[in-house]
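Only one structure is covered here, and it is reproduced in the block below.
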């Protein structure tokens, strides 16, 4: 697949009152055509700055951002405007025009592109049909729910036939049900329209539900990148582990106890591993946390287990899980 975006050693330094702040520190990554790529990090990590470099709303301090092999920094104003029409964006706050109807909001980018009259209206109505809001065309945004307003924003973004949709915390203002519906819609749009989607979020549940690949940003650094299912199964960086590991509802029996995380997927998610462990080895573990979820449409599960004190027993338990094909990680507290 072709790389839509290529970032090569990108840095971004802000200067204010003689002081410097590095928001991005040597970021290098590729976003491929047709994939849903997630960029995740805690508040202030630099993820929103990163996404704004993709359409040159932010100029980089050093390094290079390329869009289909075009260095964005080298584009003159007319060329940059042409590129930006291919990169649509939706936001947490929807950014709809409150004094205009739903249809008029969706028509806005078409007017800017010089498309008018019947052609523009037919295109706008088509996009409203895509997001399931054709019956709301004469409503004003204030009469819509948050989820409906985000659907209007998506319809408006799609109206100009972009190659890429950037979503900056697009579901953060929505409740879980609405979030799920918007993510399902984005996944369907990606599938049917072959649209490359970049999602910026601080919620791992969003990444797990919809993304093919993920980049984890931590204090301006690229902590880890890869396929979502692999990052979930075996996170390498401290930042990834913090996002992926489940929170423990129960404390271990002793502060110094050894804890491990066991991750499993597919058919393995339905196997009674703990019962098999006891039956085959005679060893027991204390389950501190367990959950299952869908990651990229595949069922995954994970458990945090407290191991017995004996080193020999610990080795037997870990060998059992490893030989069963499960991913084992040490939980560092």
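Bear in mind these aren't lab numbers, they're just calculated from the coordinates by the rules spelled out. On a predicted model such as this, the values are computed, not experimentally measured, just so you know. Ideal geometry is used to build each Cβ from the backbone, glycine not excepted, and the neighbour counts take in all protein chains shown.
Connecting C-alpha atoms closer than 10 Å in a GNM of the chain, tell me which of 40, 27, 287 has the biggest fluctuation.
287
I'd like the antiparallel share, as a percent to the nearest 5, of DSSP beta bridges with both residues in the chain.
70
When 81, 258 are ordered from fewest to most other Cβ atoms inside 10 Å of their Cβ, what list results?
Ascending Cβ contact count within 10 Å gives the list 81, 258.
Given the rule -39500 (n - 2.57) for each run of at least 4 DSSP H residues, summed and divided by the residues of the chain, what is its mean residue ellipticity at 222 nm, to the nearest 500 deg cm²/dmol?
Theoretical 222 nm ellipticity from helices: -10000 deg cm²/dmol.
Helix 311-323 versus the longest principal axis of the chain: what is the Cα-based angle in degrees, 0 to 90, to the nearest 10?
50
Among 71, 218, 251, which one shows the highest mean-square fluctuation when the chain is modelled as a Gaussian network with alpha-carbon springs under 10 Å?
Between 71, 218, 251, it is 251 that shows the largest mean-square fluctuation.
Do me a favour and compute the ellipsoid semi-axes for segment 69-141 from its Cα gyration tensor, root of five times each eigenvalue, largest one first, whole Å.
Semi-axes, largest first: 27, 15, 11 Å.
Could you list log10 I(q)/I(0) for segment 245-330 at q = 0.15, 0.17, 0.23, 0.25 Å⁻¹, which the Debye formula gives when each Cα is one point scatterer?
Each listed q corresponds, in turn, to -0.53, -0.68, -1.21, -1.39.
Taking R0 as 45 Å, what FRET efficiency do you get between residue 112 and residue 291 from their Cβ-Cβ distance, rounded to the nearest 0.05?
The calculated FRET efficiency here is 0.45.
Taking just the alpha carbons, could you work out the radius of gyration and Dmax for segment 182-289, both in angstroms?
Spelled out, the Cα radius of gyration and Dmax of segment 182-289 are 17.6, 54 Å.
For the residue pair residue 219 and residue 184, what label-to-label distance in nm results when each label sits 7 Å from Cα along the Cα-to-beta-carbon direction?
Distance between label points: 4.1 nm.
Could you check the spin-label model distance between residue 22 and residue 145? Points 7 Å from the Cα along Cα→Cβ, value in nm.
It is 4.6 nm.
Only counting other Cβ atoms within 10 Å, I'd like 42, 127, 303 sorted with the fewest neighbours first.
Going from sparsest to densest Cβ surroundings: 42, 303, 127.
Just grab the label-to-label distance for residue 281 and residue 33, each label 7 Å out from Cα along the Cβ direction, in nm (one decimal).
Going from the residue 281 label point to the residue 33 one covers 4.8 nm.
Using only the alpha carbons of segment 1-139, determine the length spanned along each of the three principal axes and report them from longest to shortest in whole angstroms.
Per principal axis, max minus min of the Cα coordinates gives 50, 32, 28 Å.
Which residues in segment 233-265 have a backbone N closer than 19 Å to a point placed 7 Å from the Cα of residue 315 along the Cα-to-Cβ line?
Zone members listed by number: 258-260.
Starting from the Cα gyration tensor of segment 128-171, take the square roots of the eigenvalues, sort them a ≥ b ≥ c, and report rounded, prolate or oblate (rounded when a/c is under 1.5, otherwise prolate if a/b is larger than b/c, else oblate).
Taking the square roots of the gyration eigenvalues as a ≥ b ≥ c, segment 128-171 is oblate.
For 75, 259, which order do you get if you count the other beta carbons within 10 Å of each Cβ and list the fewest first?
Fewest to most other Cβ atoms nearby, the residues stand as 75, 259.
If you build the Cα gyration tensor of the chain and take the root of 5 times each eigenvalue, what three semi-axes come out, in whole angstrom, biggest first?
Those come to 43, 24, 17 Å.
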